[in-house]
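Since the structure comes first, as structure tokens, the remarks are kept for the end.
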There are 2 protein chains.
Amino acid sequence: MTRDLQPLFAPGSVAVVGASADPRKWGNWLASRALRGEHRRAVHLVNHRGGEVLGRETHRSLLELEAPVDLVLITVPEAALESTVDDALTAGARALVVISAGTEGSGRDIALGAKVRDAGAALVGPNCLGIFDAQSELELASNDLPAGTVAMISQSGNLALEVSMLAREAGLGFSRFVSLGNQADLTTAELIDAMTAHELTQAIALYVEDFRDGREFGRAAARARAAGKPVVLLTVSGHEAAARAIRSHTGALASDEAAIEAACRAAAIERVSSPRQLIDVIQGLIRCVPPRGQRVAIMGDGGGHGGIAASLVAKAGLQVPELSPPTVARLREQLPPSAACSNPVDLAGGGEADIRNFERVAHTLLECGDVDAVVLTGYFGGYGEYAEVFADPEMATGAALAELTAAAGRPLLVQTMYASSPPADALRRGGVPVFRAVEHAVDALSRLAAQAERDPFEVPVLPDPAAPVGDHDYEAARALLAAGGVPFVAQRTISGAAAAQAAAAEIGYPVALKALGAVHKSDAGGVRLGLTDAGAVLAAYEDIEAQLHPSSFSVEAMAPLDRGVELLIGARWDARFGPVALVGLGGVYAEVLHDVAVALAPVTPAHAAAMLRSLRAFPLLDGARGRPALDVAAAADALAALSVLAAAHPEIGELEVNPLLVLPDGALGLDARIVLRHPAD
Amino acid sequence: MTRDLQPLFAPGSVAVVGASADPRKWGNWLASRALRGEHRRAVHLVNHRGGEVLGRETHRSLLELEAPVDLVLITVPEAALESTVDDALTAGARALVVISAGTEGSGRDIALGAKVRDAGAALVGPNCLGIFDAQSELELASNDLPAGTVAMISQSGNLALEVSMLAREAGLGFSRFVSLGNQADLTTAELIDAMTAHELTQAIALYVEDFRDGREFGRAAARARAAGKPVVLLTVSGHEAAARAIRSHTGALASDEAAIEAACRAAAIERVSSPRQLIDVIQGLIRCVPPRGQRVAIMGDGGGHGGIAASLVAKAGLQVPELSPPTVARLREQLPPSAACSNPVDLAGGGEADIRNFERVAHTLLECGDVDAVVLTGYFGGYGEYAEVFADPEMATGAALAELTAAAGRPLLVQTMYASSPPADALRRGGVPVFRAVEHAVDALSRLAAQAERDPFEVPVLPDPAAPVGDHDYEAARALLAAGGVPFVAQRTISGAAAAQAAAAEIGYPVALKALGAVHKSDAGGVRLGLTDAGAVLAAYEDIEAQLHPSSFSVEAMAPLDRGVELLIGARWDARFGPVALVGLGGVYAEVLHDVAVALAPVTPAHAAAMLRSLRAFPLLDGARGRPALDVAAAADALAALSVLAAAHPEIGELEVNPLLVLPDGALGLDARIVLRHPAD
């Protein structure tokens, strides 16, 4: 199943078609970097006009080459692209990297990809920026890239360049880089698998707009994560303008925001929103062991830095606990009297007095057992600026801090205003992440801490499709869901006032009467609650009939609304990621308060319960302020049952129970809805 | 009232006491920088051992000086501090800057401040890092600071240094800098006024832990803002650990988070949470005209950068609208066919093709009228790296972009991965802010846009205190609030079942029965709602009596709960900022959902209505999804009335109506509470 991508990342020979002597042209930038690998492999330059490029005689065509070539890099005008691809396959190429653009949106991409794949080769691009492999010294990109241990797969060339510059500043670099372009052949999922198998790679950074088969993408990411390689994803959100940016860029469909979030949760992908955040989070993930708990000690060479860091750590939901008396006593021995030995610890001149105090204090905090992680913030790395005499001891302290952190098995994260100083580099070389801004250090730490607490979910497999639903009205929705295991109140569909009264008598008073047919029934006045006798049923029936002329009515047992809390449970079919389950507060609250949990469907009852617990409003179910605790397990069962149905019915675009009334004993669906999927989705 | 701070910021002569020849000592760093101003003023170095320091003969004492000295900078051991202050005042000093620490928390600070003030002089510190004035070339700080137009007042020296470094990177610097230290004499408020009056200053940056008189602080900030000088505040939040950092640092009290937020809203202070954010927000405020609306155009040299920026702009609540057909047509003329001419605009190679395309596209977007602001994101500044031939045109384009932005009267904000490049500097010199990270550019833009929409509130004046309340039980709270104009349901306080039944008959059924005495009555089962007749009252009475033995009972008219929404309205007395009013959803929702609006009390009904509108849950009051619109004006009146009472009763620590039931016609208090202020608050 998995293709051999050795010819792509470690080719025995390379040809650059479109190599140019003009320093303003891509063909020049790419050829000059390709030639840097000449000691590792043959590098052929091809230019249809022939002549000399970068001191080498060029070939006029790939067909002039004497031996088969492994990898062909193509940067030619659009009109020449297809014949060049044909030449490359004829010349024996097993990997093609196509820089040339212009084929998108016309179906030509698909044809090109199929042709290359059918020939047993692999294609990156078209419309890409190139590839890079640090281990095989393969540089087929327009820009210089730093070598390192982060594999980057990017659908935008310029964003990858920004990431590479930020990585370099952080003392990181790329193990491999692939510019995806239009994904005519190789997909993100296949490339993630290639990075997972690549020994040098420690983490995988992604910029993806078009996820193609979103579940396969998620599974590849989950495999990487299981292999100990965290996956960090930068993508655009589902906002309208961001989607316009995507459409015009690669012709891809924007995946809905909730579906992306659900996939990231399922596959333990770290989602970020900017290149800067991507590198800062990766820095934390690569360089730190995850903390075993939420307790953070802060040390600063100044009360201001400590206070700001403490504010940010607390705001991130982590703890900044008081230190135990023995720890405080130990710090008092180590620091001058002006120092603050609570948490945050303020060295308060202890750094100028003796730079090795950083080492002593960090050691005390990392080993005391009072905390799970330490943040150092402020001036470290800058003492050498005050006086030459501080410089060497500060370098030694940087190295020592890194060593004692590695020994402690707890993470130390450093922010300093001297993030580019030699002592900061000494920390990074020793495996301690160093950040320019304290809020970015805290963000990385909170990601690390959340990882330790994350429930291990996986990308669920879709069941075989069930027989498609026939009707999709209220009754059909109710019937489908009830058969799937979602409990509902007793109900009869009737026409005529007498039938309404008979149904009410059979069900037992009080009852609710609903007009059928309209989707938002309650908005239109088509729902009457708490009817206590036959007279009330008649009056309500006649009133609704006169106002709305509904096709039929539903008579339902009145649920004990005041004993429970109303939730909304539902699922939506996403074009890329398939069915996505969601739960939030019901009624008007869900829309007003935007408090919703999502997951790829189907979910298990245990996963559904975790979704419920993740809601801000969960305390309402859990007995807040003396209220009775409600039957969370029943609500989770209903959500799981709904998600299984949604996963088995690809013809359903939206499936919803709103409200689901959660009671102290059980849960009851009070309304149900099916919206069929639009054929284009 | 306002003191003359000329001797502090532009002294005719300066003495440095504690000047040292040892390059590891503060007395050395400070003296060497003081001497840089020798061409502007006499600089005397004082060292009690005498001898030569930095090539100058020192005086052994201030008393040796022949003429009076304007400003004395003191960096001596704690034991010598007080005598040195005496000597300085004897030597005629009108301003003192005290670096020395050790006097905090003992009352000695207060005595020192009083002594200096009584002598007609002004004191900065003790325990500070010095001061700086770019215009008068006064450098009395331990580090080199960049000159510019931002006045910085900081209670932490190292944080101010970090800000100075970030400012320098952003092409900014300090007009004045004051390290506050312990604020024994000069307060933040006085210094803000001095910065407001300082012509060179364009914006005021604050790091403050201890606000002293918070209302006076707020008024000074509001005055600065009214004078066109934005105030940006970095402070620690009210979290417990941050408060510990403060206590141990300066002995100050942490002001409560909500009170700080309320003060910032009242005084139009921009609150930030890190040094990095402080400078990025200031960069936006100084360099941009505020946008007149929320519509943003994005231009990027790559679809990825445009998409990421669009995601962030939309997430910040701003709009990324489609461009009008004439604008799109104009962009199509200017850009190559591969470019995306919607919003975001993707130059897609248009930059390499002709760097002046940046200028043309920016001009089109800034002048088209479709948008209120433009964000440029990506690679600008880096084209010169590809080829020398791009370098000069790129510089010219940077200057031209700045010019056309100034002419357009709309803001352009730039993010580039080449933020330190010469073209980026050209943009900054021309008044265009340039950011390293796109999320920081978007943050600055959203601050600018919010400013344009902000309601002009002011720091309210406290009324004269009313006669203190006698009792503070439920009845007293109800009586106070009702007299102040908060409407309540009909009620009688009674003892005995017969009296309960009589009161219920008088009020009219249905009624509620409440046990009095316990604070959280509903948690303990002491509240029974919806009692429809005398029998129900008797049963409820006997049940509560048996369980809780309350001192007395309250019989109240049953409010129509199902017709309204419950709010919580209240006020809390903050030690620094005085009474703070707040409103949120009532019942369990306020605590669970953390959806609360705050303001300095008293508030007007109009301000109270604005607070209500700012709640996430406001649509619940405003007729969401076909519900009836509720009487927001009545709720605002009740909140305003409560806030006026809180402001007039400094003996009350907390005053609360929870719930306040907002109905389609009016609002009704259903419960009330007074907590007297703790004497230490």
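The values are calculated or read from the model by the stated rules, or taken from the named source; none is laboratory data. Predicted, not measured: the structure shown is a model, and the values here were computed from it. Don't worry about glycine lacking a Cβ; one is built from the backbone with ideal geometry, like all the others, and counts go over all protein chains shown. Heads up: the accessible areas ignore ligands, DNA and RNA and are worked out on the full protein's heavy atoms, side chains in. Shrake-Rupley method; radii C 1.70, N 1.55, O 1.52, S 1.80 Å.
Please go through (1) within 14 Å of chain A (Cβ to nearest Cβ); (2) more than 19 Å from B:A141 (Cα to Cα); (3) of a type in the set (K, R) for B:K229 and return the number of the only condition it doesn't satisfy.
Result: B:K229 fails condition (1) only.
Yes/no matrix, rows are residues, columns are (1) buried (at least 21 other Cβ atoms within 10 Å of the Cβ); (2) closer than 17 Å to A:A476 by Cα; (3) over 28 Å from the mean Cα position of the chain (by Cα); (4) hydroxyl-bearing (S, T, Y):
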position	(1), (2), (3), (4)
A:A609	no, no, no, no
A:L630	yes, no, yes, no
A:L639	yes, no, no, no
A:L655	yes, yes, no, no
A:L663	no, no, yes, no
A:I674	yes, yes, yes, no
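Could you check how many residues of the range B:358-386 are facing chain A (nearest Cβ under 9 Å), without any contact (Cβ under 8 Å) to a residue 60 or more places away in the chain and either in contact with a strand residue (DSSP E or B) (Cβ under 8 Å, 6 or more places away or on another chain) or open to solvent by less than 10 Å² (accessible area, probe 1.4 Å) (or both)?
So the answer is 1.
If you scan the range A:167-183, which residues turn out to be open to solvent by 40 Å² or more (accessible area, probe 1.4 Å) and either among the basic types (K, R) or in a loop (DSSP other than H, G, I, E, B) (or both)? Walk me through how you get there before you give the answer.
Residues of the range A:167-183 that are open to solvent by 40 Å² or more (accessible area, probe 1.4 Å), as a first pass: A:168-169, A:171.
Once the filter is applied, which keeps residues that are open to solvent by 40 Å² or more (accessible area, probe 1.4 Å) and either among the basic types (K, R) or in a loop (DSSP other than H, G, I, E, B) (or both), the range A:167-183 yields A:R168, A:G171.
Looking for whichever is open to solvent by 40 Å² or more (accessible area, probe 1.4 Å) and not in a helix (DSSP H, G or I) here; the options are A:P465, A:P460. Which one fits? If you could, list the steps in order and put the result at the bottom.
Numbers: A:P460 fails: open to solvent by 40 Å² or more (accessible area, probe 1.4 Å).
Step by step, each of A:P465, A:P460 is checked, and only A:P465 is open to solvent by 40 Å² or more (accessible area, probe 1.4 Å) and not in a helix (DSSP H, G or I).
Take the conditions under 24 Å from A:D595 (Cα atoms) and part of a helix (DSSP H, G or I) and apply them to B:D562. Does it pass? Lay out the reasoning, then the answer.
Working: under 24 Å from A:D595 (Cα atoms): yes; part of a helix (DSSP H, G or I): yes.
So B:D562 passes the test.
Looking at (1) open to solvent by 10 Å² or more (accessible area, probe 1.4 Å); (2) touching a helix residue (DSSP H, G or I) at 6+ places or on another chain (Cβ under 6 Å); (3) of a type outside the set (D, E, K, R); (4) free of Cβ contacts under 8 Å to residues at least 40 places away in the same chain, which is the only condition A:A268 fails?
For A:A268, the exception is condition (4).
Just for the range A:127-139: of the residues that are under 30 Å from A:A79 (Cα atoms), hydrophobic (A, V, I, L, M, F, W, C) and more than 14 Å from chain B (Cβ to nearest Cβ), which one is surrounded by the most Cβ atoms within 10 Å (Cβ to Cβ)? Talk me through it step by step, then tell me what you get.
The initial filter retains those residues of the range A:127-139 that are under 30 Å from A:A79 (Cα atoms), namely A:127-133, A:138-139.
Filter again for hydrophobic (A, V, I, L, M, F, W, C), leaving A:128-129, A:131-132, A:138.
If we keep only those that are more than 14 Å from chain B (Cβ to nearest Cβ) too, we end up with A:131-132, A:138.
Numbers: A:I131: 23, A:F132: 29, A:L138: 25.
Looking at the filtered set, the residue picked out is A:F132.
Could you check how many residues of the range B:36-46 are open to solvent by 20 Å² or more (accessible area, probe 1.4 Å) and more than 14 Å from B:G12 (Cβ to Cβ)?
Of the residues in the range B:36-46, 1 are open to solvent by 20 Å² or more (accessible area, probe 1.4 Å) and more than 14 Å from B:G12 (Cβ to Cβ).
Given the criteria closer than 22 Å to A:N182 by Cβ and either surrounded by 19 or more Cβ atoms within 10 Å (Cβ to Cβ) or of a type in the set (D, E) (or both), does B:G284 qualify? Explain how you work it out, then say what you get.
Numbers: closer than 22 Å to A:N182 by Cβ: no; either surrounded by 19 or more Cβ atoms within 10 Å (Cβ to Cβ) or of a type in the set (D, E) (or both): yes.
Considered against the rule, which asks whether it is closer than 22 Å to A:N182 by Cβ and either surrounded by 19 or more Cβ atoms within 10 Å (Cβ to Cβ) or of a type in the set (D, E) (or both), B:G284 comes out as no.
Does B:S100 meet the test of being outside any loop (DSSP other than H, G, I, E, B) and hydroxyl-bearing (S, T, Y)?
Values: outside any loop (DSSP other than H, G, I, E, B): no; hydroxyl-bearing (S, T, Y): yes.
Against the criterion (outside any loop (DSSP other than H, G, I, E, B) and hydroxyl-bearing (S, T, Y)), B:S100 does not qualify.
Assess whether A:G381 counts as being outside any loop (DSSP other than H, G, I, E, B) and farther than 23 Å from A:A449 by Cβ.
On the way: outside any loop (DSSP other than H, G, I, E, B): no; farther than 23 Å from A:A449 by Cβ: yes.
No; evaluated as a whole, the condition is false for this residue.
For the range A:322-342, give me each residue that is of a type in the set (S, T, N, Q) and under 25 Å from B:I99 (Cα atoms). Please lay out each step first, then the result.
Keep residues of the range A:322-342 that are of a type in the set (S, T, N, Q), which gives A:324, A:327, A:334, A:338, A:342.
Once the filter is applied, which keeps residues that are of a type in the set (S, T, N, Q) and under 25 Å from B:I99 (Cα atoms), the range A:322-342 yields A:Q334, A:S338, A:S342.
Taking the range B:70-126 as the region of interest, how many residues are more than 14 Å from chain A (Cβ to nearest Cβ), on the phi > 0 side of the Ramachandran plot and open to solvent by 10 Å² or more (accessible area, probe 1.4 Å)?
Going through the range B:70-126 one residue at a time, the tally reaches 3.
Considering each residue of the range A:184-210, count those that are part of a loop (DSSP other than H, G, I, E, B) and either within 14 Å of chain B (Cβ to nearest Cβ) or surrounded by fewer than 22 Cβ atoms within 10 Å (Cβ to Cβ) (or both), and give that number.
To start, the set of residues in the range A:184-210 that are part of a loop (DSSP other than H, G, I, E, B) comprises A:184-187, A:197-202, A:208-210.
Next, only the ones that are either within 14 Å of chain B (Cβ to nearest Cβ) or surrounded by fewer than 22 Cβ atoms within 10 Å (Cβ to Cβ) (or both) stay: A:187, A:197-200, A:202, A:208-210.
Matching residues across the range A:184-210 total 9.
Condition (residue is without any contact (Cβ under 8 Å) to a residue 24 or more places away in the chain, within 14 Å of another protein chain (Cβ to nearest Cβ), in contact with a Lys or Arg (Cβ under 8 Å, 6 or more places away or on another chain) and within 25 Å of B:S311 (Cβ to Cβ)) applied to the range B:437-447: is it met by at least one residue? Steps first, answer last, please.
As a first pass, look at the range B:437-447 and keep what is without any contact (Cβ under 8 Å) to a residue 24 or more places away in the chain: B:437.
Going one step further and asking which of them are within 14 Å of another protein chain (Cβ to nearest Cβ), we end up with B:437.
Next cut, in contact with a Lys or Arg (Cβ under 8 Å, 6 or more places away or on another chain) only: B:437.
Among the residues that remain, those that are also within 25 Å of B:S311 (Cβ to Cβ) are: B:437.
Within the range B:437-447, one or more residues are without any contact (Cβ under 8 Å) to a residue 24 or more places away in the chain, within 14 Å of another protein chain (Cβ to nearest Cβ), in contact with a Lys or Arg (Cβ under 8 Å, 6 or more places away or on another chain) and within 25 Å of B:S311 (Cβ to Cβ).
This table checks each residue for (1) hydrophobic (A, V, I, L, M, F, W, C); (2) part of a helix (DSSP H, G or I); (3) in contact with a Cys (Cβ under 7 Å, 6 or more places away or on another chain).
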{"site": "B:L568", "(1), (2), (3)": "yes, no, no"}
{"site": "B:V583", "(1), (2), (3)": "yes, no, no"}
{"site": "B:A597", "(1), (2), (3)": "yes, no, no"}
{"site": "B:A610", "(1), (2), (3)": "yes, yes, no"}
{"site": "B:S643", "(1), (2), (3)": "no, yes, no"}
{"site": "B:A646", "(1), (2), (3)": "yes, yes, no"}
{"site": "B:P650", "(1), (2), (3)": "no, no, no"}
{"site": "B:E656", "(1), (2), (3)": "no, no, no"}
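Checking A:G228 against (1) assigned to a loop (DSSP other than H, G, I, E, B); (2) in contact with a helix residue (DSSP H, G or I) (Cβ under 7 Å, 6 or more places away or on another chain): exactly one of these is not met. Which one?
(2)
Please find, within the range A:48-69, the residue that is farthest from A:A101 (Cα to Cα) out of those that are surrounded by 22 or more Cβ atoms within 10 Å (Cβ to Cβ) and within 42 Å of the chain's Cα centre (by Cα).
A:V69
Could you run through the range A:140-183 and say how many residues are within 12 Å of chain B (Cβ to nearest Cβ) and on the phi > 0 side of the Ramachandran plot?
Of all residues in the range A:140-183, those within 12 Å of chain B (Cβ to nearest Cβ) come to A:142-144, A:154-169, A:179-182.
When the remaining residues are screened for being on the phi > 0 side of the Ramachandran plot, the result is A:181.
The number of residues fulfilling the criteria is 1.
So, B:P664, is that one more than 21 Å from B:R572 (Cα to Cα), within 14 Å of chain A (Cβ to nearest Cβ) and assigned to a loop (DSSP other than H, G, I, E, B) or not?
Values: more than 21 Å from B:R572 (Cα to Cα): yes; within 14 Å of chain A (Cβ to nearest Cβ): no; assigned to a loop (DSSP other than H, G, I, E, B): yes.
No.
So B:A634 ticks every box in (1) open to solvent by less than 40 Å² (accessible area, probe 1.4 Å); (2) over 30 Å from B:A467 (Cα atoms) but one. Which box is left unticked?
Evaluating B:A634 over (1) open to solvent by less than 40 Å² (accessible area, probe 1.4 Å); (2) over 30 Å from B:A467 (Cα atoms) leaves (2) as the failure.
Just need a number here: residues in the range B:393-413 that are touching a helix residue (DSSP H, G or I) at 6+ places or on another chain (Cβ under 6 Å) and either within 12 Å of chain A (Cβ to nearest Cβ) or open to solvent by less than 30 Å² (accessible area, probe 1.4 Å) (or both).
Adding up the residues that qualify gives 10.
Please give the helices (runs of 4 or more DSSP H) falling wholly within the range A:285-357 in which 1 or more residues are of a type in the set (D, E) and either out of contact with any helix residue (DSSP H, G or I) (no Cβ under 6 Å at 6 or more places or on another chain) or at the interface with chain B (Cβ under 9 Å from one of its Cβ atoms) (or both). Break it down into steps so the answer makes sense when it comes.
On the way: elements: A:303-315, A:325-334, A:350-353.
Once the helices (runs of 4 or more DSSP H) in the range A:285-357 are filtered for at least 1 residues that are of a type in the set (D, E) and either out of contact with any helix residue (DSSP H, G or I) (no Cβ under 6 Å at 6 or more places or on another chain) or at the interface with chain B (Cβ under 9 Å from one of its Cβ atoms) (or both), what remains is A:325-334, A:350-353.
(1) under 29 Å from A:G148 (Cβ atoms); (2) in a helix (DSSP H, G or I); (3) in contact with a Phe, Trp or Tyr (Cβ under 7 Å, 6 or more places away or on another chain); (4) within 12 Å of another protein chain (Cβ to nearest Cβ): which one isn't true of A:F390, the others all being true?
(1)
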